[in-house]
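The values are calculated or read from the model by the stated rules, or taken from the named source; none is laboratory data. Everything numeric in this text was worked out from a predicted model, so none of it was measured. Because the Cβ atoms are built from the backbone with ideal geometry, glycine has one as well, and the counts that use them run over all protein chains shown. Quick note on the areas: whole protein, heavy atoms, side chains included, nothing else; ligands and nucleic acids left out. Shrake-Rupley method; radii C 1.70, N 1.55, O 1.52, S 1.80 Å.
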Amino acid sequence: MGSRRRLAVNTALLTAAALLMRCIGLAFQGWLSARIGAAGVGLYQLVLSVDFLCATFAISGIRFAATRLVSEELGCSRQGAVTGATARCLCYSLLFGLAACCILHLCAGPIGFLWIGDARTVRPLRILAVSLPFLSLSSVMNGYFTAVGRVWKSASVQVTEQLVRIGLTVLLLQRAGTGNLERACAALAAGSAGAEICSFLLLGTVFLLDRRRHAARRERAPRLTGRMLAIALPLAVSAYARSALSTLEHLLVPRGLRACGWSADRALAGYGVIQGMALPVLVFPACVLTALAELIIPDLTAAQVAGRGGEIRRTVRRLLVRCFLFSCAAAAVLFAGGDFLGRTVFHSGEAGLYIRLLAPLVPVMYTDVVVDGCLKGLGQQLWSMGINIFDAAVGVLLVWQLLPLGGLQAYLGILYFGELLNFVLSLWRLRCAVRGVSDQAAVFDRRAAG
């Protein structure tokens with residue numbers, strides 16, 4: 001199968017799986033908002049913001065490192081070195097996953113009381129800590145399947161994980177009763193942790209069966225461990241910084257709304273409407289582009305290793321044009337149907353209002369997803385993370401200074417400014433990277449001809 005045809009097939013598979021998962025997830029989110037209310041959604045979003053920081057430490061750049069390392073070995077026709085590459089990535093992920101689990105479990109109390117400022121978040125944080133080693137190990141296997149072009153295997157496991165998560169959560173919420181947000185958040189955390197463990201067991205089984213095709217013919221590759229660390233560790237450090245800033249920004253939003261004169265529950269509800277209702281609807285169509293951005297990484301890496309600058313330039317240009325056209329159509333649909341979606345999915349006119357207000361930002365958000373994927377495929381992941389860190393730092397500063405003055409209106413303005421800033425800087429760096437690859441290929445061609 002040619003690389004373009006394989007990319008199209010894998011994109012279609014990942015897109016179908018992502019669409020299915022997001023349809024199910026959006027319906028579940030609507031049911032959940034009716035079950036625990038906007039304040040409950042906001043409280044759990046704060047729990048997830050801390051869990052996201054700990055998950056970043058658990059993964060520590062290893063998913064992309066696994067994809068890049070395996071892609072490089074396949075691009076150099078060293079199929080027998082794939083087993084050694086994945087084994088090193090799994091050991092790395094287990095170390096960081098266990099460390100993240102211990103840190104979150106031991107620090108859940110101080111985080112809940114001092115960082116979040118709500119004791120009801122301590123129990124959910126300790127439950128989510130259990131899932132971190134399994135998440136870390138699964139990220140390596142997902143990166144492996146992306147690199148070898150058999151994403152349908154990981155996609156099928158992800159659909160199963162989504163169904164298990166929803167089933168467990170519904171069951172646990174029914175036992176938790178109503179009116180107790182701490183029990184509700186604990187039930188959500190337990191459902192998520194159980195689904196993560198189930199996903200790891202299924203994905204591990206599929207991975208072990210798939211690995212047999214590489215295990216029979218092992219061969220040595222230069223500096224596998226050093227190359228893995230050179231990719232993962234710098235990416236991990238930059239991811240820590242960005243995730244810490246992002247988490248800080250999320251924690252500052254309810255505090256800023258309270259400083260603006262809102263009550264604690266109203267602040268949680270306002271935060272929950274934007275983060276837990278409006279934004280999930282806005283990013284729903286982006287699953288098409290998310291799948292494409294992930295799958296383009298191995299192809300761009302292989303083209304870069306082979307010195308095919310012209311192919312890279314044409315591929316990037318074609319992706320960006322198609323992405324922009326798709327995102328403009330999605331923005332128009334979301335703007336026109338925002339009120340309907342808010343009332344139908346969440347039974348909330350306020351959610352519909354924010355969907356319409358944020359819809360013009362969709363072309364920037366969606367195109368930026370593909371730009372980031374192209375940057376990673378061309379080995380510019382540190383630049384990408386650096387831009388994200390700068391964007392997150394600016395966001396924290398703006399939330400800290402402006403939210404007590406302008407409330408949610410100021411928060412919307414901050415979201416617009418941050419997305420535009422990130423997109424402009426990322427697009428500039430991608431243009432420089434593509435030009436650099438093309439220039440290197442031209443020099444190589446001239447030397448070969450001479």
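Structure values in brief
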read-out: In the stretch 224-268, the residues that are of a type in the set (Ser, Thr, Tyr), touching a helix residue (DSSP H, G or I) at 6+ places or on another chain (Cβ under 6 Å) and surrounded by fewer than 18 Cβ atoms within 10 Å (Cβ to Cβ); value: Thr225
read-out: Options Leu382, Leu397; residue that is out of contact with any helix residue (DSSP H, G or I) (no Cβ under 9 Å at 6 or more places or on another chain) and in a helix (DSSP H, G or I); value: Leu397
read-out: Selected residue [free of Cβ contacts under 8 Å to residues at least 60 places away in the same chain and not β-branched (Val, Ile, Thr)] from Ala269, Ala286, Ala330; value: Ala330
read-out: Helices (runs of 4 or more DSSP H) within the stretch 269-370 that include 2 or more residues of a type in the set (Phe, Trp, Tyr) and open to solvent by 30 Å² or more (accessible area, probe 1.4 Å); value: 309-345
read-out: Scan of the stretch 162-199 for residues that are open to solvent by less than 30 Å² (accessible area, probe 1.4 Å) and either modelled with pLDDT under 85 or not aliphatic (A, V, I, L, M) (or both), ordered by number; value: Thr169, Ala176, Cys185, Gly191, Ser192, Gly194, Glu196, Ser199
read-out: Among the residues listed as Leu74, Leu114, Leu135, the single one being aliphatic (A, V, I, L, M), open to solvent by 40 Å² or more (accessible area, probe 1.4 Å) and within 17 Å of the chain's Cα centre (by Cα); value: Leu135
read-out: Only listed residue being in contact with a Cys (Cβ under 7 Å, 6 or more places away or on another chain) and either in a loop (DSSP other than H, G, I, E, B) or at pLDDT 90 or above (or both), chosen from Ala58, Ala108, Ala18, Ala100; value: Ala100
